[in-house]
Amino acid sequence: MDFGGILILIHSYNFPNLNLDVHKGLFFILPCTDSFIKVDMRTISFDIPPQEILTKDSVTISVDGVVYYRVQNATLAVANITNADSATRLLAQTTLRNVLGTKNLSQILSDREEIAHNMQSTLDDATDAWGIKVERVEIKDVKLPVQLQRAMAAEAEASREARAKVIAAEGEMNASRALKEASMVITESPAALQLRYLQTLTTIAAEKNSTIVFPLPIDMLQGIIGAKHGHLG
């Protein structure tokens, strides 16, 4: 029982003009003059070995991928190429290097889908004469040098620290504006300051502290100091 495959019968008696017949099911061959090649018509997948690639911005990376293809014309796959599978694998490796060599590192990391689509189109056009249909190409992994990983991590950390400082400064600015508005409200009502003192004492007492610092009103201190200066005068 044969699933997804066909047999191509080669008549060698008419050499060099070979006659190729495509057969399915039961057939007969002449042992001395005929031979046959089995062609699998199912989808085949293979891994692209890791390729050392120099990007457009002069960064060396290691990239691998996976390719899915199938034979759509068995006659062309036998007559036009010696080994269609091996040729497709080699072409996938060179195509990966050629496509990624024209991209920057940032583009490779962010535009994987677009790169895979470009590779699929390039491979499909190149293997069309071999009766091969490239169905899908995927970029599996992009490996960066260790020093570059450390540099990128340091850059990201510095960027986060800079953003944190900006956010803290904006918070201080907003807090100062709120304090300014609160001071204006308290200035209009002197009793509000006393209520704020009492609220602060209530908050401190709720934490079960053994020491409570009681703030004296500034007006009272100014009155005491003024009376002292008057007495000395």
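The values are calculated or read from the model by the stated rules, or taken from the named source; none is laboratory data. This structure is a prediction, so every number in the text was calculated from the model and none was measured. SASA here: full protein model, heavy atoms, side chains in, ligands and nucleic acids out. Shrake-Rupley method; radii C 1.70, N 1.55, O 1.52, S 1.80 Å.
At a glance:
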quantity: Exposure rank, largest accessible area first [ARG42, ARG150; 1.4 Å]; calculated: ARG150, ARG42
quantity: Gained length - LYS38 relative to ASN174, 0.36 nm times residue gap less alpha-carbon distance; calculated: 41.3 nm
quantity: Chain lengthening between ASP111 and ARG70 when straightened (0.36 nm per residue, less Cα-Cα); calculated: 12.2 nm
quantity: Solvent exposure ordering (accessible area, 1.4 Å, most first) of LEU105, LEU148; calculated: LEU148, LEU105
quantity: Contour minus Cα-Cα distance for SER58 and TYR197 (0.36 nm per residue); calculated: 43.5 nm
quantity: Candidate residues THR187, THR102, THR82, THR95: accessible-area rank, largest first, probe 1.4 Å; calculated: THR82, THR187, THR102, THR95
quantity: Shape of the range 48-90, Cα gyration tensor, a/c cut at 1.5; calculated: prolate
quantity: Accessible area expressed per residue, the range 90-176, with surrounding protein chains retained (probe 1.4 Å, Å²); calculated: 63
quantity: Accessible surface of the range 56-110, 1.4 Å probe, proportion on carbon and sulfur as whole %; calculated: 46
quantity: Qualifying aspartates and glutamates (Cα of each under 12 Å from Cα of LYS103; at least 8 residues distant if same chain); calculated: ASP57, ASP111, GLU114
